[in-house]
Amino acid sequence: MRPDVEARLLARAARAQAEGRVPSLTAGVVQDGELTWSAGRGVVDGSRPDADVQYRIGSITKTLTAVLVMRLRDEGLLRLDDPVERLAPGTPFGQRTVAQLLAHTSGITAESPGLWWERTAGGDWEALAAATAAHDVKHAAGTRFHYSNLGYGVLGRVVEGLRGRSWAGCVRAEILEPLGMRRTSTMPEAPAAPGLAVHPWADLVLPEPGNDHGAMAPAGQLWSTVEDLARYARVFLGAAPEVLSPATVQEMSVPGGVDERPSGWSAYGLGLQVHRDADGRTLIGHGGSMPGFLASFLVDPAERTASVVLANTTAGLDMSIGTDLLATLRELDPYVVPEWAPATDAPEAVLELLGLWHWGPAPLALRLLGDGMLELVAFRGRGRESRFRREGQAWRGLDGYYAGETLRAVRREDGSVSHLDLATFVLTRGPYAPDDVQPGGIEPPGWRTSG
């Protein structure tokens, strides 16, 4: 990395530590799957921390829990619309689904019953489930975004029930070991920063408790390092299919529940926070907060970059530092996209589908992308645009209006393409033509000069 880029990144990290009165901070950036810069400020055990010092990552833990759940889904062991009662019986959450828990739209209470769970030791699943009650349901399922730590405790139980081993064991075997994340653990392993609170009106610090939270661990238990989280970023850059397929990562990144509090565009996917920044960039990842610690983990899939920020303070850190680090990379060391090259294969049966089509009188264009997908775009202005991936003899919508819907070519007896059927809509080469394939037909004499 060029010295001028490193200087800008270090200046931003230094300002965050000093202005936030943060006892210590480590930060790093990832480019195309590699940690290319990291720095530390403040002191841990008498020295400036580096990228190998552990910090508690708080709710970034939720993303690992979500990865475990999506792996189970990909293996066919659960469905996202499975009810909680079937997979983790013993709570009053009944028909609320796995997807709703992942996206914080289940409507269940934000925190676990009993004492402030982040500052107390946790019990096992049986104790947690027994403590839940009907009044822990705060909203109708699927009606609004309501962040729920308790929901991720339930998801941890889902993982344990289907795998037959502990949540922590699943994290290690299915995520940490394949990625080489040797410095991520459920409790601190030296060198590790102590959890500290900074007095609001004096430059004094207070140690914060660090407990094992038992059944609530899947919501915020883990400790990690800048180096390990840089390795973890590869999952969300689509570069670790042994952990999670790029298609599943994309599915997790689709904004679902909307958090109405921020002034900008902010939503939640399936275990991931999804943000649209002022420049129109979509960032995915998660923040983390536990007593004594704050953390940020952000990925820019388009630029193939990520930022990691870890700090040992309960409050005070300017959490815009993560987006600022990524913005610095975009400005001073932007991602160079791969060179375009001609396709290596384009079957005739696909080529004949390309070009101009009409949805009624609206012209659309269907084109073949370099990765073998089809893209439907409006010929003029904006319209119902989507990308499609081939599934057998048809195509399945990936995004936009037709996400999940089926596009298929309807052929005549001689094998030529008559029209396209898209979720029952008929797309024809000419506007409302030919007459014999249009639902409702075409009123004679057809197109005319006046009504």
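Checked against the criterion of being small (Gly, Ala, Ser) and free of Cβ contacts under 8 Å to residues at least 60 places away in the same chain, the candidates 28, 33, 107 yield just one match: 107.
Selection over the range 191-228 of residues that are assigned to a loop (DSSP other than H, G, I, E, B) and either of a type in the set (Asp, Glu) or within 30 Å of the chain's Cα centre (by Cα) (or both) gives a count of 15. Identify all residues within the range 110-134 that are more than 22 Å from residue 161 (Cβ to Cβ), touching a residue at least 24 places away in the same chain (Cβ under 8 Å) and either not assigned by TED's automatic domain parsing to the domain that holds residue 210 or not hydrophobic (A, V, I, L, M, F, W, C) (or both); write none if there are none. Of everything in the range 110-134, those that are more than 22 Å from residue 161 (Cβ to Cβ), touching a residue at least 24 places away in the same chain (Cβ under 8 Å) and either not assigned by TED's automatic domain parsing to the domain that holds residue 210 or not hydrophobic (A, V, I, L, M, F, W, C) (or both) turn out to be 111, 118, 119, 120. Could you say whether any residue in the range 84-100 is hydrophobic (A, V, I, L, M, F, W, C), under 19 Å from the mean Cα position of the chain (by Cα) and surrounded by fewer than 24 Cβ atoms within 10 Å (Cβ to Cβ)? Checked the range 84-100: at least one residue is hydrophobic (A, V, I, L, M, F, W, C), under 19 Å from the mean Cα position of the chain (by Cα) and surrounded by fewer than 24 Cβ atoms within 10 Å (Cβ to Cβ).
Scanning the range 195-210 for residues that are crowded, with 17+ Cβ neighbours inside 10 Å and not β-branched (Val, Ile, Thr) yields 195, 196, 197, 208, 210.
Residue-by-condition table, conditions (1) of a type in the set (Ser, Thr, Tyr); (2) more than 25 Å from the chain's Cα centre (by Cα); (3) modelled with pLDDT under 90:
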residue	(1), (2), (3)
109	yes, no, no
122	no, yes, yes
133	no, yes, yes
142	no, no, yes
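Among the residues of the range 174-183, those that are free of Cβ contacts under 8 Å to residues at least 60 places away in the same chain and either surrounded by 15 or more Cβ atoms within 10 Å (Cβ to Cβ) or closer than 11 Å to residue 228 by Cβ (or both) comprise 176, 180, 181, 182. Taking the range 402-447 as the region of interest, the strands (runs of 3 or more DSSP E) fully inside it that hold 1 or more residues being touching a Lys or Arg at 6+ places or on another chain (Cβ under 8 Å) are 406-411, 417-422. Evaluated against (1) modelled with pLDDT under 95; (2) surrounded by 19 or more Cβ atoms within 10 Å (Cβ to Cβ); (3) of a type in the set (Lys, Arg), residue 71 falls short on exactly one condition, (1). Check the range 57-71 and report whether any residue there is assigned by TED's automatic domain parsing to the domain that holds residue 103, under 23 Å from the mean Cα position of the chain (by Cα) and without any contact (Cβ under 8 Å) to a residue 40 or more places away in the chain. The answer is no, given that none of the residues of the range 57-71 is assigned by TED's automatic domain parsing to the domain that holds residue 103, under 23 Å from the mean Cα position of the chain (by Cα) and without any contact (Cβ under 8 Å) to a residue 40 or more places away in the chain.
Residues that are buried (at least 16 other Cβ atoms within 10 Å of the Cβ) and either part of a strand (DSSP E or B) or not charged (D, E, K, R) (or both): does the range 330-340 have at least one? The answer is no, given that none of the residues of the range 330-340 is buried (at least 16 other Cβ atoms within 10 Å of the Cβ) and either part of a strand (DSSP E or B) or not charged (D, E, K, R) (or both). In the range 295-327, the residue that is surrounded by the fewest Cβ atoms within 10 Å (Cβ to Cβ) out of those that are under 14 Å from the mean Cα position of the chain (by Cα) and of a type outside the set (A, V, I, L, M) is 301. Consider the range 111-120 and keep the residues that are in contact with a helix residue (DSSP H, G or I) (Cβ under 7 Å, 6 or more places away or on another chain) and surrounded by fewer than 20 Cβ atoms within 10 Å (Cβ to Cβ). The one that is modelled with the lowest pLDDT is 114. For the range 159-173, name all the residues that are surrounded by fewer than 19 Cβ atoms within 10 Å (Cβ to Cβ) and on the phi < 0 side of the Ramachandran plot. Residues satisfying the conditions are 161, 162, 163, 165, 166, 169, 172, 173. Screening residue 156 against (1) surrounded by 14 or more Cβ atoms within 10 Å (Cβ to Cβ); (2) among the small types (Gly, Ala, Ser); (3) on the phi > 0 side of the Ramachandran plot leaves a single unmet condition, (3). Listed by position, the helices (runs of 4 or more DSSP H) inside the range 99-178 whose residues that are within 23 Å of residue 81 (Cβ to Cβ) and in contact with an Asp or Glu (Cβ under 8 Å, 6 or more places away or on another chain) number at least 2 are 149-163, 167-171. Has the range 398-420 got any residue that is exposed (fewer than 13 other Cβ atoms within 10 Å of the Cβ), under 32 Å from the mean Cα position of the chain (by Cα), under 30 Å from residue 299 (Cβ atoms) and among the charged types (D, E, K, R)? Checking the range 398-420: not a single residue is exposed (fewer than 13 other Cβ atoms within 10 Å of the Cβ), under 32 Å from the mean Cα position of the chain (by Cα), under 30 Å from residue 299 (Cβ atoms) and among the charged types (D, E, K, R).
Among the residues of the range 394-438, just one is on the phi > 0 side of the Ramachandran plot and either outside the structural domain of residue 363 (by TED's automatic domain parsing) or among the aromatic types (Phe, Trp, Tyr) (or both), namely 432. Within the set 283, 317, 310, 294, the sole residue that is farther than 21 Å from residue 68 by Cβ, of a type outside the set (Lys, Arg) and either touching a His at 6+ places or on another chain (Cβ under 6 Å) or not assigned by TED's automatic domain parsing to the domain that holds residue 152 (or both) turns out to be 283.
When the range 271-300 is filtered for residues that are outside any strand (DSSP E or B) and modelled with pLDDT of 95 or more, the ones remaining, listed by number, are 271, 272, 291, 292.
The values are calculated or read from the model by the stated rules, or taken from the named source; none is laboratory data. Predicted model only: the values in this text are computed from it and were never measured. Quick reminder, even Gly has a Cβ in these numbers, built from the backbone with ideal geometry, and neighbours come from all protein chains shown.
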